[in-house]
Each structure stands twice: as structure tokens, then as C-alpha cells.
1. Skipping prolines and chain starts, which residues have an amide H placed within reach, meaning under 5 Å, of the one on residue A:457, given they are 5 or more residues away or on another chain?
2. In nm, what is the difference between 0.36 nm times the number of residues separating residue A:573 and residue A:558 and their Cα-Cα distance?
3. Rounding to the nearest 20 debye, state how big the charge dipole of segment B:1-77 is about its Cα centre with +1 on each Lys and Arg Cβ and -1 on each Asp and Glu Cβ.
4. Where a ≥ b ≥ c are the square roots of the eigenvalues of the C-alpha gyration tensor, would you call segment B:114-247 rounded, which needs a/c under 1.5, or, failing that, prolate if a/b is larger than b/c, or oblate?
5. Helix check for chain B. Which DSSP H runs span at least 24 Å along their own axis by Cα, with a mean Kyte-Doolittle hydropathy no less than -1.0?
6. Can you tell me which of B:288-297, B:142-151 comes out highest on packing, and rank the rest after it, using the mean Cβ neighbours within 10 Å?
7. Inside 10 Å of the C-beta atoms of B:85-98, what's the mean count of C-beta atoms belonging to other chains?
8. Which length gain, in nm to one decimal place, applies between residue A:349 and residue A:43 when the Cα-Cα distance is subtracted from 0.36 nm times their residue separation?
Amino acid sequence: MAKPGVAGGRWREGWRSRRQVGLRQWLYRGVQSLLRRSGGGRWVEWRLHQIIGIRPQDLRLPPRLARGLEVREAGAADLVAMRQLRAPAGTEYGARLAQSHRAIAAWLGGRMVAFVWVVRGPARLPTSFGNWWQMNGGMAWLYDLYSHPEVLGAVPHLYAWLAEHPPGPGVRFFVGQTDYENRRSWLAHRSLGYQTWAQLWTWRCGGWRRQMSRRLTRGAGALRWHWHGPNSPIALPRLAPPVEAQVAAYKKLDDLELQCGCGRQLATREEEIVCVCGRRLGSNQGGVLCLGEAVPYWGEIPEMEMQALLADAGQRGWRTAAREHLSRGLYQYVCGEERAAFDDLLPLAAGARVLDIGAGWGSIAAPLARRYAVVAVEGVEERARFLELRRQQDGLTHLRVVRGELQNVPLALGQFDAIIANGVLEWAALLDAPVSPEQVQWRFLDRLRELLAPGGCIYLAIENRFGWPVLRGSADHSGLPYTSLLPRPLARWVCAHSHAYRSQFNVGYRTYTYSYGGYRKLFRRAGLEVEQSWVCTQGYNHPEKMVPLDRAAIRFSTCRRPQGRLRRLARRLEAQPWVWRSVGSDFAFLLRAGEAQGAAVQARRGHA
Amino acid sequence: MHELVREWSTAGGAGAILARLPMDQGGLTAAFAPGRGGSRLLWLAKTVRGEAACARLRAERLALERLAPLAESLGLPRVLAGHESGHGEAAEACLLQTAVEGKPMRVDWHAAAGRAPLPREMMAAGDWLRRFQRLCRERPELKPGLSLAELGRLVQSRLAAAPEPAGALLAPLLAQLDDAAGAAECIPIHGDFWAGNLIRSGRRGEIGVVDWSGFGPGSALDDLLTFMASLPCRTSDGAGTRLQGWRQLWFEPGRAQQYLRVWAAEAEYGPAQARFAFYLFLARRLGWEMGLDLQARNRAERAAAHAHWTATLAWLRQNRFPDPFTISSPA
């Protein structure tokens, strides 16, 4: 947990301001006092409570805390003191402590002056007016005990203690409740960095009948009010801002940076991108950032057909053109957004900058661009143009198309929060014939690691060399079955003597895939650490079901109870992680730069 | 990754192990906490896109929040957090809930078993349903405050504008709903009470129930009928249609029919009321299978449902809309 910041002298003003009462407060107080004095309070209740909350890391603490206060965890022996402090409800405290709730208490001269309940996970807590709070997450709950000046001084102590002694991994918020009338308490909390989380109007008619009481709540920023009966729990809303607000903080794609061979970094806004040293790095052509030479055309459809599709897409829209020019299966492959379903597992904040390598038709880059700022790199000119048309027609303002081959694209180092390499690593060695495929793949991974920002991650999906589909005879990247199972020299010989299309393209068998252990070795060599690994049961192009290599998760994902002994035995075997590691169809890895390697990259960047 | 999932998966410092499973118009993310004795399932997050899917998730969230007081005793998940954003096609919703540990129930039973004892799973599901209905009756705030006749009228008004193939199928079923017979009070029902939504755990096989997006008012027989309707429909020759399965379950003398009658008696339904509840169930089921309810259906599913219901209705019409609670054996 981050150490809380220390605020200046503002907090003191907050604690000491006794007369800072606005017109609304006066009105409110007036109504309350009228109700109290006339005795109407017995019949009509009308109050406003404010639920306030803060994340521990956002807490601002006063520079100096009150003297003589002692803060420690309360045990069963302190129940008497608790009861004295909170007399009417005191009898519940023992039960609550027994229910695994913890209490942190502040003591002044041997007398308890305040305490905090620490509650983890979903729980219900009684309110002071007969309802229940439904807590939907770990939080530390502070009762409104701080109206006495003595206790006010104790409150920051409690927070400071909690911030320094994190109550547990699930505790994410500190939450409190104040009455609107108690402005002093409210201001004091605001000075500590609290924000109003929800407002609660309590309204009751007929004081002797609890059944008639109704509560009206509204979360901060929410439009709707919610009614609560006497028995219905009042759910506390989340403290985190809504997703839209966070997506508004997209990282700008205009300031995508290139790095010249001379070490200078260049922006990509100009039409022609030329370094001071005279080197021309690339140009912007019709929205596509062209860097380096284009890769010769290859793709699922012939080049002529692709040209016709592009011409059609410009006039009638890419979707219509794709429907007419592509087969039904390929159309679904291009348009289906489920290809980016792995996004559910990427630990990325909305608005992060993502690099998609080998973007192709944009089936992954386009869905991702709704949440992140995506740079899509594609080597083939025609595909890059198609992607740009798709971007323009779908209004994807957070997508930037770059035409070029990753190894030759001079992107500046350390600028991407995530890199997507979906089915790319195995093809990396095709165009670099003189060097061994392993060497090229290793260099490719090294390049990816260099492009990562500190704390960034790589999502890499690829086939298993000995995967179940391969064992069953489905075609390898060579276009022939079983070539990945063969020793590499034998596979090379088979490919050299075959007439299948992909073998002609893939002369010398350069599309190496590996076993699970082989990948780990390759990653280690490139300075990458595997954070999580999954098996994509339906292939990495349909990552809708991704099972982590963990026993409990495998059981959860394959939880059907089979009939018959043999099938049951097969199921039992299927639940073993080593089986999935050995013959799982496709792997997906979440990789991060190793610490030592990360430091080396930082040093290199600094040097540059 | 949805912000909510990110926030929860990184809450403890060390990242949780995440698995992804497919779901209608979205995905289900399961988080596991790694530990020495093996990892442990922590929570589930449902993330969906599109207006209809968001509405379904919203319905589930509301249901779980209403049922929160019963969660512990009935083994229901609890809502941890939820979030919705956007409109129309761009709408996105995420619901985090506690996990119900165990495995989905599987019923190995031939619908044609006739006089054979009912499967243990059905008895266990029935016991759970009894407990659920009793607890709901005890809580006044859960009472829908609606009679079966009023519910029938609501269903009629909602399904009246159904597109043509479904509309023609629904009409004869809705015509069976006689308002005079629908005086009984509605009770809360699960709405999608099939074996896959029942999670069994522990040695004693305690049942937890998930997927509450169909929660709403209904008759006391609705959930049981849903359970029966979704049983595997293999007949004794091994190749039966669903209609054959339903006929053998409901309209031929046997343990299943007896069990249904016992339920009707326990709910204090007279013959007319039980018939009303049965045909109301059939009408709602048809709407649900044809995608007229919150659950969206693709073209193939709709076509399969259309074929099944055409055959079912032809048989029902031929037998003058029989009643499982009074007849012994129709033609």
C-alpha cells in the first residue's frame, strides 16, 4: 500500500472551523431543530446522511498528530470500553468481533475515544437508524463517533495506523458516515481527502412504526435515487470512477515517437518524417504511417481480389465489400469481435497504449481501439490500407495504422503498455533467411521487450508444437500435417520436396513452434518472464475459452461429470495441468520484462 | 479487461489467476487465488456487451441484491460489485459475484423410465425448491403481489406483439388461460431452473443455484416444470424427440406425473389452477425458447425451437390440450 501523503496546514482549518455553515446547512438545521423542539421528531423523521469514502493510497494526513493518543487493535478484553463509548448498541460488539471483524481503537489516557471496524469481503452492518449497509467489497468502516473534539483528534490517528498496517489485501476503502448537520466532521474529513460517496435521505412518517420508514439513497454522480424499506439492505456503491471517465484519458497517438539510428527521437505528425541527420524515416500517406519497405503481398485472398475489395470498400463501405468479396467463414473471421476476447484477461487500464503486431484485417485492433489507444503494425500494403479504411469508416479515433515490418520500424523504445503478438512469432523467421529461425525469434522477442514501457506486458499466442490438433493430423504452418512433430532437419527436407502452397512459401521450414518448456526457455533467453499462461481450447484465433495452467482452474473449466469408467478416467487425466502443458492445443502467455532486463533497457534509453 | 475486474484482480497485490469462459454476448472471468495447497476460486465476473445482454445482467444483479438475505441459507452467490456504461450496441456491463463452489448437476435419467424411481438429483432439486419457496413466503418484501391471472394477462400483453411464426404458435396456448382459474398468488421463481444452473458441492451434495437473470413472479410449479422440461429426453429406444420426452414425463402415468401432482397439491392448487399454471408455463417457455424474452436466440436456435413447438402444439391440439393433473393417458 502506498504511504499516505501529508497535507499542509489546510486540514487544521478544517478541523477547527466551527462556524463555517452555509445557507443549506442553516435551513437543514432549522428544520431539524423545529422537529426536535416541537416533539414532531417522534412522528416525522427527515435527515440527510453522507456516506464518505477514500482509498488508503489517497489519504492525506496532517503533518502532526495529537499527542498522548495510543492506537492499537482492540481485543475481546476491550469490549467493556467499547460499550461505554457506544452504549446503546454495545451488546452487539462482542458478536461482531467474534464474526471475524476486527476493531482498531484509539485510547487517550487509558480511555477509549474512537474505534474503527475493519470488515473484509461482502458483509452487512447495521446502520444507526434501523437499516443495514450492504458492503460489497473490503473496506474499513468508521462509525460516526467523532463529534466530540477529543475524538476528532483521534480520527486521523486511526487512519494513519490503518494506512501503515494494511488490514488485508481485500481492504480497499475507508468508509464513514456523517450527518449533514455535522458540518465540522464533514469538513474535517474533506481535509483528509475524503469525497462524498453517497447521500442518504431518511424519511419516516409515524414514529412508532418502523415499517413505514423509507430511505432514499443516491450514489455520487449517479442519476437515480433508490428507495429502501426497513429490511432491505442499502448497498454501498463503488468508489472507483466510471469507465468512461478513465477512457477519456487516452494516451495521445499523435505523439507516437520514432527513433532514428543516430539516437534522436522524432514525432510522427509531419507529412515526411526526416531526421536532422538527414535520414528519412517514413511518411504519412492517406492516414497510414509508412515506415520502411512494404512486405510482398500475401493473404487469404489473391492480390487482384484484394485490390477489387479495397476499391469497393472505399465506395460502399468495408463491411459491404467484405461481405461480397470474402467467403462466409473469412467474413466472420474479419468482422467477428470475439478474436479480441482475450482482452478480458489483460491487466490494462482503459486508455493504455497498445501495439498490435501483424494486425492483418484489424479484427483484434479494431475492438481493442474502443478501450485503448492502439497502434496497429501491418507489413502488407493492401492490408494496411484496408485497416485504415476500417478505422475511418468505423470512427475509431484511437487507432493508428503503421505499415512496416516490426524489425525495421524505428519505433522509440519503452512507449507501449502492452504488445499483442497473436500468431506472429512463428512467422517472424520467414523473411530473414540467412539467420537461424530460433535466432530470429529470439531477436523478435528482444525487440518486443525493448518497446515495452516500464510495467508493461506482452500477450503472445501461438500453437503448441505437440498440441492435440497437430497430433490428430491438422496442417502445420508448412501446410502439411505432422511437420512440427518431426526433427527440424527432417521437416526441412519434407518441405523442400513438397508442392503444397505454404511449403513453397516456407522453403526450408522456418516456422518453428515449440513445446511449453521450449517457449519458456525462449522467453527466458529474451529476458521475459511468464506471468500467466493459458491454453486456448478453441485455438488462439477464437480465444473465448482460455484455461490457465492451474489445477483448480482446469477443473472449473471442465467440470462436466462423465459417464462410464473409461471416460471418467480420461476426465481425471484431463484435469491434470501437465496434460494441458503437453498436448494443449494453443498457448497464450502474458509476459513481462524481467527486472534485470528492464533495468538494462532503461539504461540503454537513458544513454540514447 | 473491464476496470472492475482489473481493480478486483489486483486488489490483493499479487495478481489472481484468471480463466475466461464463453458466455452469451460476453465472457465469464473466474479468478483464483494461488496458494500452497492449490488455488482457490475467489469470484466470478460476467462481462457482456449489447443492450439485451446488459438488461439480463441488470436483472440478475437486482435479483441477487433482493435475495441477499437468503444467500447463505440457499447457497446463492452475492453481488460484489457491478458497473454499466454506454448505450445501445456500445452498452457494456460487468457484474462481480461470489463463486458457488462445486460442480453443475447432471441428471442421468431416461425420461422414458416411466415407473422407475425418480432420479436423486430431481428429488434434491425439489427439496431445494421447497426450501426456497418457503423462505420467500416468509419474507413479505419478496412477494410479487400479483395473481396468476394478472401474470397471465401481463404475459399475453407482452407476447401479443410477437413476430409471426412465434405469434401463431403462442395463440392457442394463451387461449387456454382462463382468468377465472388464476386466482392463486404468484411467488418468486428462479426462471431458468435447469440442472446446469444447480451447483452441487460437498459430500452431502448441498445445492447452490446460479444465473438469476430470469428471477421474477411465477407459479409454484414453474421451476419444477422448467427442470423437467430440460431433462435429457432419451426414450427407451435411445432416439427420442423432446416431445416424446415431455409426453412421457407429464402425460403418461408414472412417477414424474405423480410427483408433479404432489407439488400441485402442496401448493394448494385446484385442478383448474394447476392447468392454468401448466399452460402459462408452456407459453412462457415458448417465448423464452424463441428469443422473445431477455435471452437472445440465434437463427438456428429459433429454427430448432420452431420445429419442436410446431410438433408439440399439433400433438396438444390433437389431444384437445390435455392436462397432466387430471388425465391418466391421452391418445
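The values are calculated or read from the model by the stated rules, or taken from the named source; none is laboratory data. All values derive from a computational prediction rather than experimental measurement. Reconstructed Cβ throughout: ideal geometry from the backbone, glycine too, with neighbour counts over all protein chains shown. In case anyone asks, the SASA skips ligands and DNA or RNA and just uses the protein heavy atoms, side chains included. Shrake-Rupley method; radii C 1.70, N 1.55, O 1.52, S 1.80 Å.
1. Excluding prolines and chain starts, which carry no amide H, the hits are A:418, A:419.
2. Values: separation 15, 0.36 × 15 = 5.40 nm, distance 1.14 nm.
Stretched out fully, the residue A:573 to residue A:558 stretch lengthens by 4.3 nm.
3. Details: 10 positive and 7 negative charges, 32 e Å.
Computed charge dipole of segment B:1-77: roughly 160 debye.
4. Values: a/c = 2.06, a/b = 1.16, b/c = 1.78.
In terms of gyration-tensor shape, oblate.
5. On the way: long enough: B:120-138 (27 Å, -0.92); B:271-289 (27 Å, 0.12); B:299-318 (28 Å, -0.50).
What comes out of the filter, once short or polar helices are dropped, is B:120-138, B:271-289, B:299-318.
6. Details: B:288-297: 18.9, B:142-151: 17.2.
The packing order, highest mean first, is B:288-297, B:142-151.
7. The mean count of partner-chain Cβ atoms within 10 Å per residue comes to 2.
8. Details: separation 306, 0.36 × 306 = 110.16 nm, distance 5.05 nm.
Full-extension gain reported as 105.1 nm.
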